[in-house]
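Trainee: First the structure, which I've put down as structure tokens, then a few questions once you've had a look.
The values are calculated or read from the model by the stated rules, or taken from the named source; none is laboratory data. From a predicted model like this one, the values you see are computed outputs, not experimental measurements. With ideal geometry, Cβ positions are generated from the backbone for all residues, glycine too; neighbour counts draw on all protein chains shown. Side chains are part of the model used for accessible areas, which takes the heavy atoms of the whole protein and leaves out ligands, DNA and RNA. Shrake-Rupley method; radii C 1.70, N 1.55, O 1.52, S 1.80 Å.
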Amino acid sequence: MTITLDLEALTSDAPTRRTLSSLSLAVAKCKKIVVVTGAGISCSSGIPDFRSSDGLYALVKQQHPDVVIKGRDLFDASLFRDATSTSVFYTFISQLKKAIDVASPSPTHRFIKTLDSKKKLLRSYTQNIDGLEERAGLVGTSSQQAKYHGKGKSKLKMNEVRNVQLHGDIHRVRCTFCSAGFPCTQEYLDSFLSGTPPDCPDCASRSSARIARSARPLKVGTLRPAIVLYDETHPLGDDIGSIHSADIARKPDMLIIMGTSLKVHGLKKLVKDFARAVHESAPSPAACAAQPPKRNAKSFAGKVIFVNKTPPGGEWEGIIDYHVVGETDRWVEKVIDDWKKARPSDWEVQKTLVATGESSTTGTFHVAKEITNTVGLKGKGAPLLALVLQVRLMAGW
């Protein structure tokens, strides 16, 4: 049975408050958390979601009532069959890209990065195309840092990827003919705004070279946003499948789902796969009973947490353990607050000092590096001890 916890009841309902605090502590104690996110986590960044009454679908319907019949039409691969709908799509994507360019990561994006910094994030998976996770510091599947250029079928360096972009990245474009990829420049954006896709520079270069040799010109493809529409195959599908399988094999101990309505078929399968793996990793009742009752966060490990303003559908009964009702930003801020209170040693700052004078004489020191991730250090006094030892060694004590 899914337990519903309303963030609005934090001050008025003691059982809700206790359960939410236990969930926060479980997040702090888990070590292999999978996070799945949707458009809802970017709303506070100024990017409207796709399904709310003031979301992107609704806005497009107001602007183009004769072209867009249903909300999902704008992100369906079938739109390329019609010149008018294709033009509207390019214009809309250009406007969306401009809105995203001035947006900043939300507290939820930063929370996911915190999990990664604290060595607790197994992987993040997102439906979003805005790339705000990368701005928060998570390397995505569209990042050049994650690309593998060697021989073989693999296109990604699995260990580099911290955020899997299930629907691509609006900050890049790709050729409809040769599949070459490029950053989405202002020049391309201006072309999209007019409703006309720009030519692929790689195709154009090859064709021009043939013409210069008096050979027959080649076909020149056009560029399109490097996002994955409904009923389209992801260009990195094989690599993403391998990452998914590898993460399942690593036995995640918690699944956090935020800001998505869980309507897309592919995402539903992914979430169910992870939920099954998480439940299989849940500690036994005997192990939970052995923990002190006030600090029994272990009983909350192996759980699936769904944070969204609207409830999950009936098909998620028995899969989602907790539905936290409310804004994702508010929940993650509570988790961080509870975490800091319950485990302050996780947040101690370890400083590396560098001597600025001769070690044999009285020298001074300046801070060269600060490390806030002290989770891996054993014992509450470990960060301070490490700092003292560092100072003594560098001072020649």
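Trainee: Ignoring ligands, DNA and RNA, what percent of the 1.4 Å accessible area of the range 106-231 is carbon and sulfur?
Mentor: On the range 106-231, the fraction of accessible area on carbon and sulfur atoms equals 50 percent.
Trainee: Can you give the extra length, in nm with one decimal, that the chain gains between S104 and K269 once fully stretched, where that is 0.36 nm per residue apart less the Cα-Cα distance?
Mentor: On the way: separation 165, 0.36 × 165 = 59.40 nm, distance 3.01 nm.
Length difference between fully extended and current span is 56.4 nm.
Trainee: Can you pull the one-decimal nm distance between simple spin-label points at D82 and H234, each 7 Å off the Cα toward Cβ?
Mentor: About 2.9 nm, to one decimal.
Trainee: For the range 70-136, what class follows from the C-alpha gyration tensor (a ≥ b ≥ c being the square roots of its eigenvalues): rounded when a/c is under 1.5, otherwise prolate if a/b is larger than b/c, else oblate?
Mentor: Because a/c hits 1.5 or more and a/b exceeds b/c, the range 70-136 counts as prolate.
Trainee: Could you state the accessible area per residue of the range 124-182 in Å², with a 1.4 Å probe and every protein chain left in place?
Mentor: Per residue, the range 124-182 has an accessible area of 44 Å².
Trainee: For the range 218-263, what is the accessible area per residue in Å², given a 1.4 Å probe and the full set of protein chains?
Mentor: Heavy-atom accessible area per residue stands at 41 Å².
Trainee: Using a 1.4 angstrom probe on the protein heavy atoms only, could you order Y148, Y125, Y322 from most to least accessible area?
Mentor: Y148, Y322, Y125
Trainee: Also: Using the per-residue mean of other Cβ atoms lying within 10 Å as a proxy for protection, in what order, highest first, do the peptides 8-18, 303-313 fall? Please list the in-between numbers first.
Mentor: Values: 8-18: 12.5, 303-313: 19.9.
Taking the mean over residues of other Cβ atoms within 10 Å, the ranking is 303-313, 8-18.
Trainee: Here is a further query. Normalised by the residues of the range 173-261, what does the relative contact order come to in percent, with Cα pairs under 8 Å and at least six apart?
Mentor: 29
Trainee: On to the next question. Report the gain in length on full extension from E8 to N159: 0.36 nm times residue separation, minus Cα-Cα distance, nm rounded to one decimal.
Mentor: Length gained between E8 and N159: 50.4 nm.
Trainee: Let me ask another. Whose amide H sits under 5 Å from the amide H of A180, counting only residues 5 or more places off or on another chain, with H placed in the peptide plane?
Mentor: C175
Trainee: Related question: If you take every residue apart from P217 with its C-beta less than 10 Å away from the C-beta of P217, what net charge results, scoring Lys and Arg +1 and Asp and Glu -1?
Mentor: Summing Lys and Arg as +1 and Asp and Glu as -1 gives +4.
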